[in-house]
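Take a look at the structure below.
The values are calculated or read from the model by the stated rules, or taken from the named source; none is laboratory data. Being a predicted model, the structure only gives us computed values, none of them experimental. Because the Cβ atoms are built from the backbone with ideal geometry, glycine has one as well, and the counts that use them run over all protein chains shown.
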Amino acid sequence: MIDRLTLRDTLILGAGALAATGLAGKAARAAIPTADVPPPKQEPEKGATLRVLRPSKFVDPDETIFRANTKAFTEATGIPVRVDFVGWEDLRPQTAVTANTGAGPDIVLGWPNDPHLYSDKLVSMTELAEYLGKKYGGWYFLPEKYGKKWGTNDWIALPMGGSTGPTVYRTSWVKEAGYDTIPADLDKFLDLCRKLKKNGHPAGFSLGNAVGDANGYANWLLWAHNSYLVDEKGNVAINRKETIDALKYAKELYPNLIPGVLSWNDASNNKAYAAEEIGLTFNGVSVYYVLKNDPKTARIAADTDHAPQPFGHAGKTPASALILNAMLFKHSKYPNAAKEYLRFMMEQEQYDKWLTGCLGYWAQPLKAYAKSAVWTSDPKLAIYRDGCGNEFWEGYKGPINAAAGSVTANYVLVHMFAAVSSGQAEPEDAVREAERLAKRYYKS
Amino acid sequence: MDATASWTYQRPTQTALGRFFDNRAVLVFFCMLPAAGLLLIFLTYPLGLGFWLAFTDTQIGRSGEWVGLENFQSILHDRVFLNTVWWTTFYTVVATVGKFALGLWLALLLNENLPFKSLLRAIILLPFIVPTVLSAIAFWFLYDPQFSIISYLLVDVLHWRDTYIDFLGNPWSARWSLIAANIWRGIPFVAITLLAGLQTISPSLYEAALLDGASSWQRFRRITVPLLMPILAVVLTFSVLFTFTDFQLVYAITRGGPIDSTHLMATLAFQRAIPGGQIGEGSAIAVAMIPFLIFATLFSYFALARRKWQQGEGND
């Protein structure tokens, strides 16, 4: 708890300091503190039209406001923009086809590590990203990590938001178990889960083939024990004592979870939480959003609160964020128009509406937006505000590359924890198996 | 030029082009071309590309180089793949046996004179008509660890159990759940095709057998089974192929979980190739299905379609 307050306070102080510098140049009307920086000169080409591909909505305003902002761009510039929404699982293959064939949409709002697979096919975003960074108080940690080509200062993508999955819990049930808040300490967290289970409101974390939730849980277990998949150079380093500790902890935690988590998919914890079957899980803002907006379940939302995942030994939130990374492909005939479109979407007049409408589902990558009204509109949302400031990423501590994505997609870590939790493997065997599988992808 | 030449009635001499097109072989070639083109573009090319990719180290976003058999060597040392091969075979065998036993039984029932016969036959087809993904999602709800209606009935209504059934949470129950779903979905195809086969059997054969005092088992064994064999062989071939290459049921219900225990070769190939980005390895897994499919086809086609099997003659 102490750790958590300090971290949060530092971030708030940081934002405040930035706000102070920013406010000088901008009228007090705007809640978003900005610095007076001239936008990059990118005159849209004559007769430009744009096609944008992005993942489908998780909450309704994500689509409606995004479309409205796009329409405002067309009205302001006369450039028609077509936005296509595709299912989350189809986005990666479609990005690949676009990249490999050099045809299709100009801009893809893709998954975090995709720009790193196609970096030579992308238009540099450095100028635009630096402008936005200067104007809006700088970029958070993860957008910078995912936006820049590994080990350089060249922006290959423009991060537009990040989604995190902190602890979502029922305040009254956690109180009933004897805790006022979610303990950062792992032993106390285990104790909390044990008591929740005893009281009939167990915690639930997916250990099934759920790309988002299960990988989030596995990464939390790993990182909270100060372990990691690969070292800084990208050598597989999972076979270490800390991983064994994490596996033993997972095994102790498992019987206190609701039965059936081995087959949970990404929607299961949302359903179980809404049905009051579980009292605690890790999830994005979507659970709370849905409960809050339905009068029948508003009661549950009122009894719901959020907290960071227990820090454990990490000393900071042991979680990453799903970064929405905009890529502009070199095959685009209108790169300036496309950059102008991205700039327009990221400017406060548009961006703040989107951020607010989604209740922060895609949290801002730019620090100044921490001042957005959405984060004070409901104190329960505050935890999502600095999600992009998390300091872990897919394939931590190694470079962001295709291998890290393959490990996630093939559930290597999830299966390691699932096998030990369910008693199908000993920690030592499971970690060797995970090492073997990870090495298959990190070989080249 | 001689303008006074008398005109004689004769067929204009054929141009070279005309002769060319009158050639039977050429004509056949050109008439076949559209069909062959379709096959080449939509069947041979993807298959050939899949084959080619299996021998490269292609990844999403990076074209690969020829690596020979490396992908195959790699998957042969991968326990996940070997388990998948075993489970795919098991799934195919058990589900096919189940489908045939129940499908044949259903076909025999439907062949009797029942009230509302055509209505019943229409209902039987329902599982086959519903898109696979929809039925898979329905099964996924039936098997949900928290919201399963089966668990609800057993625990909260009938009080036969204390805990909800964890259908998909451990390897074996997940496997049997998937087999049950596959059988449910496959029965109509088998039942309706076998019913068609049954109706081609002349009733006079049964009448003659009755007059000779054959029991109902003897009639089934000596008349129904042999005469049904040819269609059985065809249906079996198709059924084995469909089951072995199944994707949607498993992908929608378990995604191959828990812990990769229910991955079929098709779902594993997809997971490795598309979400995982390792197109070469995924293709190798897909190509590895081909020998199994060829074997299954040859077996059911040649073995079961043999006349002496059908007519019960001894081997010579």
Examine the stretch A:241-252 for a residue that is of a type in the set (Asp, Glu) and not in a helix (DSSP H, G or I), and state whether such a residue exists. no
Only residues that are within 14 Å of chain B (Cβ to nearest Cβ) and either more than 22 Å from the chain's Cα centre (by Cα) or free of Cβ contacts under 8 Å to residues at least 40 places away in the same chain (or both): list them for the stretch A:106-141, please. A:119, A:120, A:121, A:122
Can you name the residue in the stretch A:400-427 that is facing chain B (nearest Cβ under 8 Å) and in a helix (DSSP H, G or I) and, of all such residues, is farthest from residue B:80 (Cα to Cα)? A:402
I'd like the residue in the stretch B:70-89 that is aromatic (Phe, Trp, Tyr) and in contact with a helix residue (DSSP H, G or I) (Cβ under 8 Å, 6 or more places away or on another chain) and, out of all such residues, is surrounded by the fewest Cβ atoms within 10 Å (Cβ to Cβ). B:72
Sole residue being in a helix (DSSP H, G or I), more than 25 Å from the chain's Cα centre (by Cα), within 23 Å of residue B:109 (Cβ to Cβ) and assigned by TED's automatic domain parsing to the domain that holds residue B:295, chosen from B:196, B:214, B:191, B:209: B:209
Any chance the stretch A:322-331 includes a residue that's part of a helix (DSSP H, G or I) and farther than 30 Å from residue A:246 by Cβ? no
Looking only at the stretch B:35-80, which residues are closer than 28 Å to residue A:119 by Cα, within 14 Å of another protein chain (Cβ to nearest Cβ) and outside any strand (DSSP E or B)? B:49, B:53, B:57, B:58, B:60, B:61, B:63, B:64, B:65, B:67, B:70, B:71
Inside the stretch B:153-170, can you point out the residues that are surrounded by 13 or more Cβ atoms within 10 Å (Cβ to Cβ), at pLDDT below 85 and outside any loop (DSSP other than H, G, I, E, B)? B:155
Give A:133, A:147, A:165, A:104 a once-over and let me know the one that is closer than 21 Å to residue A:81 by Cβ and small (Gly, Ala, Ser). A:104
Which of the residues belonging to the stretch A:86-102 are more than 10 Å from chain B (Cβ to nearest Cβ) and of a type in the set (A, V, I, L, M)? A:86, A:91
Pick out the one residue from B:192, B:179 that is modelled with pLDDT of 90 or more and more than 14 Å from chain A (Cβ to nearest Cβ). B:179
Scanning the stretch A:72-86 for residues that are closer than 23 Å to residue A:329 by Cβ, of a type outside the set (Asp, Glu) and surrounded by fewer than 18 Cβ atoms within 10 Å (Cβ to Cβ) gives A:74, A:77, A:78, A:80, A:82, A:85, A:86
Can you spot a residue in the stretch B:211-230 that is touching a Lys or Arg at 6+ places or on another chain (Cβ under 8 Å) and closer than 19 Å to residue B:103 by Cα? no
All positions within the stretch A:241-261 that are away from chain B (no Cβ under 14 Å) and either within 23 Å of the chain's Cα centre (by Cα) or of a type in the set (Val, Ile, Thr) (or both): A:243, A:244, A:246
Sole exception among (1) over 17 Å from residue B:131 (Cα atoms); (2) within 14 Å of another protein chain (Cβ to nearest Cβ); (3) assigned to a helix (DSSP H, G or I) for residue B:257, by number: (3)
Report yes if residue B:185 is assigned to a helix (DSSP H, G or I) and crowded, with 17+ Cβ neighbours inside 10 Å, otherwise no. yes
Inspect all residues belonging to the stretch B:60-67 and state whether any of them is at pLDDT 90 or above and polar (S, T, N, Q). no
From A:124, A:163, residue being hydroxyl-bearing (Ser, Thr, Tyr) and under 22 Å from residue A:322 (Cβ atoms): A:163
